[in-house]
1. Under unit Cβ charges (Lys, Arg +1; Asp, Glu -1), what dipole magnitude, rounded to 20 debye, does the range B:28-211 have relative to its Cα centre?
2. What do you get for the angle between helix A:14-25 and the principal long axis of chain A? Use alpha-carbon atoms, 0 to 90 degrees, nearest ten.
3. 222 nm [θ] for the protein assembly as shown, helices only, -39500 (n - 2.57) per DSSP H run of 4+, per residue, to 500?
4. Does anyone have the angle between helix B:2-21 and the longest principal axis of chain B? Alpha-carbon axes, 0 to 90°, nearest 10?
5. Compute the long axis of helix B:165-180 from its Cα atoms, compare it with the longest principal axis of the Cα atoms of chain B, and write down the angle in degrees, 0 to 90, nearest 10.
6. Tell me, what HN-Hα J-couplings in whole Hz come from the Karplus equation 6.51 cos²θ - 1.76 cosθ + 1.60 at θ = phi - 60° for each residue of the range B:23-34, using x for Gly and Pro?
7. How big is the range B:78-202 by Rg and Dmax over its Cα atoms, in Å?
8. Just to confirm my numbers, what's the Cα centroid distance between the range A:28-95 and the range B:3-36 in Å?
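The values are calculated or read from the model by the stated rules, or taken from the named source; none is laboratory data. Remember, predicted model here, so these are calculated numbers, not experimental data. All Cβ positions, glycine included, derive from the backbone under ideal geometry; neighbour counts span all protein chains shown. With ligands, DNA and RNA removed, areas are computed over all heavy atoms of the protein, side chains included. Shrake-Rupley method; radii C 1.70, N 1.55, O 1.52, S 1.80 Å.
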Amino acid sequence: MSIIANLNKAFENRIRLGIMSVLMVNDFADFKELRELLEVTDGNLASHSKALEKENYITVEKSFIDRKPNTKYRVTDTGRKAFKEHITALEKLMK
Amino acid sequence: MQSEKYSADLKEIRSMMDRSTRFLSLSGLSGVMAGIYALIGAYLAHQIIQDARNSMNYTYGFEDVLARNIGESPIQQLLVIAVVVLILALVTAYILTKRKAQKTKQNIWGKQTLRLAGSFITPLLVGGLFTLSLLQYELLGLVAPAMLIFYGLACIHASKYTLGTVKYLGWTCALLGLINTQFIGYGLYFWAAGFGISHIIYGAIMYNKYDRKSQYPLNHYT
């Protein structure tokens, strides 16, 4: 039971899991990239990224590039640590 | 079963990490085609060198023949062949890869492609300039080894941004180049083995492993 307790509820959802996976191996990703990679709708991506931001696992930077709004996502140190623990817990459960 | 969900989650993590860093739409068939062009090119080069050798009554290695002809026609013909092979290979790779990218819905000009191109071109450019300086000093015996070694290093370097098989192609070319340094005068054969035969072999492996399936497998590309 103790291993299951190490699983992070914040990463239970497939879309959040995807967002974190992409951000772990990239310096940053913008909204469009994430949307294409995860094959999700705008609203879905926005609400799940907001949830991760609330947990302080990712940061969201909004800016304008050529007058078009651009949103960049990055993983925080807290998020990186939490996600690593989540992966370790998943791997242990598989054994 | 819960464990099925865990394993699916782990697969999803791997897949997303790879999809977001690697350009996975590289067509294996384009490797095979590049190899065929290289073999044709090597055959034509062989003919040109034979002709040059016959006309000069020369019995040494082909590099010696070339050394006598710098600035004259044979070496220019060889350079033209090399450039034509390169352009044909690149154009074919672009067309086939674009077709595959449409199938797998991966953007051909995404961040992954730029990273792949950057990590591939950098060692290749340095190696290309170095090879030109070998030509400049007429160290012709080292031209084929240098091309193979730098091309191999470029493949090894770029392989972390695309299909893992590219790494083995890189090692094969680099090793052939190193062995070639001990058999100066046989550069054309090593060149044909590296750019021709190993591209056909590894291209076919990639084609079998990734292209034939409509969707690339989640955990088969390392």
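1. 1140
2. The helix A:14-25 is inclined about 80 degrees to chain A.
3. Roughly -22500 deg cm²/dmol at 222 nm, from the helical runs in the protein assembly as shown.
4. With rounding to tens, the tilt is 40 degrees.
5. Result, in degrees: 20.
6. Using θ = phi - 60°, the values come out as 8, 9, 8, 4, 8, x, 4, 5, x, 4, 5, 4 Hz.
7. Rg, Dmax (Cα atoms, Å): 15.2, 48.
8. Here the answer is 21 Å between Cα centres.
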